[in-house]
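Working notes, structure below.
Throughout, read-outs are computed from the coordinates displayed, never taken from laboratory work. Keep in mind that this is a model prediction, so the values were computed, not measured. Glycine also receives a Cβ, built like all others from the backbone with ideal geometry; neighbour counts cover every protein chain displayed.
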Amino acid sequence: MGHVTRFFRRLLNIMRPGRDEAGLERELAAHVLLLEDEYRRRGLSADDARRAARLALGGLEQTKERHRDARTFRWLDDVRRDAIYAVRMLRRHPIAAATAALSLAIGIGLNAAVFSVVDWVLLRPLPYPASHELVRVFTAGTAPVTGPSALIHDEFVVFGQATAFRQTAAFTTTTRVIAGAGIEPAHIVVARVAGDLFGTLGVYPDVGRAFNDDEVAGRTPAVVIGHDLWQRRFAGDRGIAGRIVKIDGAPHTIVGVMPSSRGYPGDADVWRPLTPAERADDDRELAMLGRLRSDTTAARASAEIATLAQIASKGTRTAWADDLQRTDAGAVSAALHALFGAAMLTLLMACANVAALVGARGADRAGEIAVRGALGATRARVLGQLITESLVLAVAGGILGLLFGRWALSGLVAMAPVGVPRLAEITVDGRIVGVGVAATMLTGLAVGLVPALRLSRQMETSTVNRIGLYRTTTRPTGRRVLVLVQIAIAVVLTTGAGLLTRSLQHLVTIDHGFAADHLLAVDLYLRGAFTGDARQLFRDLVANCETLPGVDAVAVSMRLPTQIPGVRARVQLLGERDLDSPATLRPISPNYFDTVGIPLTAGRRFQVTDNERAPRVAIVNATFVRDLLAGRPPVGTRLTTPLIDATVSIVGVVADVTPAGERDRSALYVPIDQLSIGGGYLIVRAQGDPRSILPALTTRLRAVAPNLAVDRVRRVADGLEESRALARFSTQVAATFSALALLLAVIGVYGLTAGEVSARWRELAVRLALGASHRGILWNVVRPCVAILAAGAAIGVVGAVGVGPALASLLHGVDPADAPTIVAAPLLLGAVGAAAAVLAAARVLRADPAATLRGE
Amino acid sequence: MRFHLICKWRSVRLSTMRSSGEPPRIDLLPGTLDLIVLRTLTTMGPQHAYGIAARIEQIAESPFRLNQGTLYPALVRLEQRGWIKGTWQTTESNREARYYAITKAGTRALADQIDRWQRSAGLVNRLLATESD
C-alpha cells in the first residue's frame, strides 16, 4: 500500500518541481546549524565547526541530489526538463521550428490517412471468423486459353468435392425489383446462392434464421435481407421474419436479416437459394467461395481443383483458388500500394528536411554542448537531451499530422472510386492512432539520432576554449546528401503524378461517340410489374416525358450507350452463308440516335411507321459495315437473324460508340416495335442540368406506370466516370503528393543554401569588403546547390524510369516512359529549386558586410 | 571473521573517519536503514534528522561516522509511504528543525520489517554457525 502511495507521490513531484525544494533547503540549513552547535560545544572554532558540519553531512549539494532522486523519478524529471528546454529552444527559432513541424505534419498526416485506407482495404482481416481460410475460386479455359471467369453450377459441385475445402458456396448477383404491401417498388441487388454461403463465411442472420433444407432445395421461396435494406425499407422491424415480399412479382418469405456490414458480397440487398431451374442452366456466372481446412493452403487447394477441373472438362479448363481479401481488393490494391509508397516517400522527405534543420542548428550549438560536457554532463545525458528535442518536434508534428490526417482521410474516402471494398467501414480508430504515434516517435528518433550522435561525439573532442571564436567548419556533406535524396524523391513523385495526369487527360478527352452530357437513364424493369403490351407502355412513357419542361428528347433502349456488350446473334446475309462473327442486337425506340447524339452517316433513321406490322428494318454501325459487309453497300442489304422473325433490310448506318475509349462491336440497331424487350432504359436528354428535371420526371413516370420501380435514375456520364474513377483518384492523390513533395524539396534547398551562406558569412563578408561583386558571390554560393539539384534530378529520372512499370496498370494511353513527362518533371524541380537557392542566398547577401566585420 | 554484505542497489555506507587508517566498510542491506530509522523513532519519540544520525552513531559503539546526508533519501521514502510524518518544531537549544514522528502505518510496517529482518538474519546466523563448525 505504502509503495503505491509513494509511486504516485513521486510521479506527482514531477508535475510540481521545486515545490519541496524550499523545505529541503530549510531542513538542511537547520541540520547544519545543529551540527555546528555540537562541534562548537566540543570546542572547535566557529569556522572549523562550520567546515566539520558540512563534512559530516556529506556535502549540501550531494544531499540535495540524493533527496531529489528519492523524491521523484530522476529520468522522468530529466525528460520533463529537457522537453521544457527543447520547447524554449524551438521558440527561439520559430520559423525553423514551424517549418520542421509542418514538414513532419504533412509527412505523418499523409501516412496516417493512406495507412487507414490501406489498413482497412488490404491489411485488416475481413469481418468473418478465421477469414484467412476464405478463398475465391476461379476457372479459365486452357484450350483455347481464356481469362479468369466465373463458374457454372456443375463445376461448383465438382470443385466442392476437393478435400482442401471444409465448406464451399457460390453466388451470382442480379438486379431485381422488390415490391409488396407498403413498400414502394425498388431495385435491389439479389444474390442467388448455391451451397451454404452463411456457413462458409461463418456469419449468420442476427434477426430470424438462415435457410432451412426446404428453402435451400428451392421448394419454398425464401430470402434473407441485408441490414441496410432492413433499415431503409422496413424501419428495422425486428419482427420481420415471416413477412412476404414480392421479388419480380413472385412472393418470397423473409426469414432473416444479416448483421450490418457482414453480408457477402457487400452490395447484395437480398440473398436467396438458387432454384432448381437456375442450377440446371449452364450460365457461367457463379462466384465460388471456399473455406479451407485449417491444415491446408490455397496453393494446395489450387492444385487439387486444377486436377478436378481438368478431369471434368477433359483437359480444356483449369481452376485455382486465391485469397478472398486479395481478390476483392483487385485493381485497387495496385493503386493503394502506389499511394502508400508515395506517402512513405513524402514522410522520408519530411524527415530529411527536419534532420537537415536539426543538423544545421547543431553547428551553432557545438559551444553549448561543449560547456555542458565541461560541467560534467555525460554523453548519454547530452544525447538524451538532443533526442528529446527531436521528439518534441516530432510530437508537435505528429499532433498536427493526425489532425491533418483525419482531414486528408475524409478527402481520400470522398475521392475514392466505388470499387474500393469496405470504404464505408474506414474510420480512424485506436489502431490507426497507435500507428501514427509510433510513426511519430520513430520519425523523431530518425531525425534526431544522427545529428545527436555527431554532436555528442564532438563533445568528447571539442575544446571549450574554442567556443565563440570559431564555428565548426565541417563541410555540410550530410546535409547535401539529404537534399540530393529529397530532390530525387520529388522528381520520382512528380514524374508519377505527371504520368497519371496525362493518362487522365487522355481519358477525359476521349470521344465517346455520343454526347453523354445532359443524359439521364431510368432503369425500366418490367418483369413482375407489368403484364400488358410493353411496346405501348414505352410509347406512353416517351410521349409523356417529352412534354415535360426542361426535357429535350426521350428514347427507350435495351442497353445504355455506355454498354458495349449485349445480346449477340448470328447474322446471315440474304443468299449467302452465315457471317463469320455474330452481331450485337440493340433494340431502340425511333428517336434514340437523336436523343443520345449518335450521328447518322448514311440512309435514314427509324420512323414511327417501322412498327410490328411494317417490314423489318435495321440500322448498322460503322464496325458492322467494316467487319461484316466487306465492301457491300450497307443500305439496302437484306439479312436474317434468328431473333427476328422476317427478313431485315438495312436502312441506315450510324457511327460507332466508344464509351471511355472502349472499342465498339459490330451492332445491329433494330426498332423495339419489331423486337420486343422485357426491360431497358428510358433515356432522357435534359436541356440543362439533368438533375433539375429529376423530381418532375419521377412524378410523371409514377403517374404513367404506378407499378414500375423508377427509383434507379442515373446520369449516363456517371457510368463513364466509373471507368475513370480509379484513374481520377490516383491522379488527384498523386498530384497532391507531388505538390507536397515539391514544397518539401523547395524548403530543403532553401534551408541548405541559407545554412551554407550563414556558415560562410564571415568569409563572404571579407570577399565583399575586398570588392567581390554580389553577382559573383551569389553564383559562388548557389553553384553547389545547382550541382546538387542536377545530380538529384538525374538520380530521380533514373528512379522514375525504374518505378514507371509499377504504375503501368494505372495508366491509360500513356507509356510509363513517356518522354515529355520524364523531361518536364526534373526541369520543373530544377527551376523551382534554383529559384529557392537564389532567393535564400540573396536574402542573406542583402546584409551589410562592413557591419558584420566590425561586429567580430 | 570479516565479511562483506555488498549491495549495489541504493546501499548506504557507514564508514570510519579517514584518519583511522584501514577503513572497515560496512554496507547496509537495502531497506535496513528504513528499519533503523523507524526503530529509532519508536524508541526515542519524534526526532529531527540530526538527532536520528546522532542516535545511530551512538548505537554503533565504534568510531563510525555516518555520512548524515544519506539519511535524507530514507526519510523521503518513508514519508512518501506514509510511515513517518514531518513537522517543524523548535529544539531545546531554540533552533528550528523538522521533527519526524512514526505514524500508525509506520508502526505496523516496523513490526513487519522487524519480523522479516529477524527471519533473514536468523537464517544467515544459523548458516554461519553450521559452517564455522
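Quick notes on this structure:
- A Förster radius of 60 Å combined with the Cβ-Cβ distance from A:Asp237 to B:Gln58 puts the calculated FRET efficiency at roughly 0.10.
- Take every pair of alpha-carbon atoms less than 8 Å apart whose residues are at least six positions apart; their mean separation over the length of segment A:249-326 yields a relative contact order of 19 percent.
- Label-point separation in nm, A:Thr698 to B:Thr87, each point 7 Å along Cα→Cβ: 8.1 nm
- Using the Cβ-Cβ distance between A:Ala819 and A:Arg124 with R0 set to 45 Å, the FRET efficiency from 1/(1 + (r/R0)^6) comes to roughly 0.65.
- Using alpha-carbon coordinates, inclination of helix A:379-415 to the longest axis of chain A, degrees: 20 degrees
- Rough spin-label spacing in nm, given labels placed 7 Å along Cα→Cβ, for A:Asp248 and A:Thr275: 0.7 nm
- Considering only A:Ala614, A:Ala414, A:Ile564, the residue lying farthest towards the positive end of the dipole of chain A is A:Ala414, judged by Cα position with unit charges set on Cβ.
- In terms of its C-alpha gyration tensor, the protein assembly as shown has a prolate overall shape, because the principal axis ratio a/c (a ≥ b ≥ c, square roots of the eigenvalues) is not below 1.5 and a/b outweighs b/c.
- Quotient of C-alpha Rg and 2.2 N^0.38 Å, computed over segment A:734-844: 1.34
- Looking at segment A:220-284, the trypsin sites (Lys or Arg not before Pro) that sit in a DSSP loop and have at most 14 other Cβ atoms within 10 Å of their own Cβ are A:Arg238, A:Arg284.
- Longest DSSP-loop-exposure-free segment, chymotrypsin sites (Phe, Trp or Tyr not before Pro), chain A, at most 16 other Cβ within 10 Å: A:74-469
- Only Lys, Arg, Asp and Glu carry charge here, each on its Cβ (+1 for the first two, -1 for the last two); on that basis the protein assembly as shown has a dipole of about 4140 debye about its Cα centre.
- Inter-chain Cβ neighbour average for residues B:93-101, partner chain, 10 Å: 3
- Selection from A:Ala70, A:Ala101, A:Val118 lying farthest towards where the dipole of segment A:66-169 points positive, charges on Cβ: A:Ala70
- Spread of Cα-to-Cα distances over 10 Å intervals beginning at zero, given as percent, for segment A:92-235: 8, 23, 27, 18, 10, 7, 4, 1, 0
- 10 Å Cβ neighbours from other chains, averaged over peptide A:24-33: 5
- Segment A:Ala794..A:Asp283, full-extension length gain: 178.4 nm, with 0.36 nm per residue of separation and the alpha-carbon distance subtracted.
- Shielding by partners, peptide B:74-80 (average Cβ within 10 angstrom, other chains): 6
- A:Ala181 versus A:Asp627: modelled label distance in nm, points set 7 Å from Cα along the beta carbon direction: 5.3 nm
- Counting only Cβ charges, +1 for Lys and Arg and -1 for Asp and Glu, the dipole size of segment A:632-684 around its Cα centre is about 180 debye.
- Loop-resident sites, segment A:160-208, for trypsin sites (Lys or Arg not before Pro), counting at most 13 other Cβ within 10 Å (DSSP): none
- Segment A:619-729 shape via C-alpha gyration tensor axes, a/c threshold 1.5: oblate
- Check: segment A:1-106 dipole with +1 on Lys, Arg Cβ and -1 on Asp, Glu Cβ, in debye: 300 debye
- Computed from backbone phi, the HN-Hα couplings of segment A:113-121 come to 5, 5, 4, 4, 5, 4, 4, 5, 7 Hz, rounded to whole numbers (Karplus: 6.51 cos²θ - 1.76 cosθ + 1.60, θ = phi - 60°; Gly and Pro given as x).
- Taking the C-alpha atoms only, the angle from helix A:60-71 to the longest principal axis of chain A is near 30 degrees.
- DSSP beta bridges confined to the protein assembly as shown are antiparallel in about 80 percent of cases.
- Nearest-ten-degree value, helix A:430-461 long axis tilted from longest Cα axis of chain A: 30 degrees
- Selected from A:His506, A:Gln687, A:Ala555, residue furthest toward positive end of dipole (the protein assembly as shown; charges at beta carbon): A:His506
- Taking every DSSP helix (H) stretch of at least 4 residues in chain A, weighting each as -39,500 (n - 2.57) and dividing the sum by the residue count yields a mean residue ellipticity at 222 nm of -18000 deg cm²/dmol.
- Difference of contour (0.36 nm per residue) and Cα-Cα distance, A:Val766 to A:Asp848: 28.4 nm
- Using equal-weight Cα scatterers in the Debye expression, the normalised intensity of segment A:488-627 in log10 at q = 0.12, 0.16, 0.17, 0.20 Å⁻¹ is -0.69, -1.04, -1.14, -1.42.
- Restriction of the GluC sites (Glu not before Pro) in segment B:49-109 to DSSP coil positions whose beta-carbon has at most 13 other beta-carbons within 10 angstrom yields B:Glu61, B:Glu92.
- Segment B:48-112: C-alpha gyration tensor shape, a/c 1.5 cut-off, then a/b vs b/c: oblate
- Under 13 Å, Cβ to Cβ, from A:Arg243 - net charge with Lys/Arg +1 and Asp/Glu -1: +2
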